[in-house]
Amino acid sequence: MEAKPFLFWQGGKTKTIQQIKYFLPETFLLKNDIIYIEPFVGGGAMLFWISQNLYNIKRTIINDLNEVLINTYIVIKNNSEQLLEKLQIIEHEIYTLDKIQLEKYYYQKRDIFNKRKLDSVESAAIFIFLNHFCFRGFYRVNEKNEFINYFNNSKTSKSFFYNKKNILKDSEILKKVEILNTDFEETLKYANNNSFYFLDPPYKPLSKNKSKIDYYTKEGFTDIDQERLSVFCKKIDEQGAKFLQVNSDCEFIRDLYKDFNIIELKEPTNLSFKEGQRKKNMNSILVKNY
């Protein structure tokens, strides 16, 4: 069985990997002792694909600023059996619920989750449940870092919201992975001639009406952060590392990376929150220094 992401994730690359893989630095990745770094791991689609398709990687480091997300990675790595027990309890509790009851259960779990008083395993289990039953799987927080996405009325209590075999397979892979929960700039210390960075940051919003509640960390990711990221990419380039970044296609981002190679990319997306405005594809760019 192939390991796959255990979450639905805003901007996840599951449907885009087959395009992105053709732009990986193939010759570089055939070297010995490659260090693979993802400063914005998100749902982990690229992580799991890389781990199962590129065998020359000797060290893998993932990072994300979202502490709830990283907690879940750590729990799957170290406590997968305990997590599955918690998920089975939730599965049992929702099995006989009708849609109205399930919606009420969802908001009860969301309130418990937002109090941040759960142990790591319980938090991961509720997070996976909320991720599956919230609207389009988006992790959206307010300035208090409270998860605010609402119940997806198209879901039913019969929906299978986790895959035991997949979680165990993901756990096998993650046991070989170093997991960080910090700002992306902290991964600069891993940059050298054997490093490959895959960067999938929160995209520069193309809508002028983009609000803070769309972010999946309370800090958000501003234009200043995009500028910090471009400086970061220049630094890792100077240290001999290779990088491939995905971001939105706009003049602001193109200008930040005008000294690197830019490739247009068509990405399937479901980022619109309004019914009837869901786009099949969005214009993105790949930025690479090779």
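The values are calculated or read from the model by the stated rules, or taken from the named source; none is laboratory data. Quantities reported herein were computed from a predicted structural model and do not represent experimental measurements. Here Cβ is always computed from backbone atoms with ideal geometry, including for glycine, and neighbour counts include all displayed protein chains.
Okay, residues lined up against (1) closer than 21 Å to D183 by Cα; (2) touching a residue at least 40 places away in the same chain (Cβ under 8 Å); (3) outside any helix (DSSP H, G or I):
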position: R59; (1), (2), (3): yes, yes, yes
position: L65; (1), (2), (3): yes, yes, yes
position: N71; (1), (2), (3): yes, yes, no
position: V75; (1), (2), (3): yes, yes, no
position: E91; (1), (2), (3): no, yes, no
Meets criteria (at pLDDT below 95, among the small types (G, A, S) and within 27 Å of A3 (Cα to Cα)) for G137: yes
Return a yes/no flag: does segment 24-41 have any residue that is closer than 30 Å to N114 by Cβ, touching a strand residue (DSSP E or B) at 6+ places or on another chain (Cβ under 7 Å), in a helix (DSSP H, G or I) and aliphatic (A, V, I, L, M). no
Across segment 27-53, the tally of residues that are of a type in the set (A, V, I, L, M, F, W, C) and farther than 18 Å from N192 by Cβ stands at 8
Output the number of residues of segment 15-33 satisfying the condition of being among the aliphatic types (A, V, I, L, M), within 21 Å of C233 (Cα to Cα) and in contact with a helix residue (DSSP H, G or I) (Cβ under 8 Å, 6 or more places away or on another chain). 1
Of the residues in segment 136-161, how many are under 16 Å from Y105 (Cβ atoms) and under 18 Å from the mean Cα position of the chain (by Cα)? 3
Give the number of residues within segment 106-151 that are farther than 24 Å from E85 by Cα, surrounded by fewer than 18 Cβ atoms within 10 Å (Cβ to Cβ) and not basic (K, R). 7
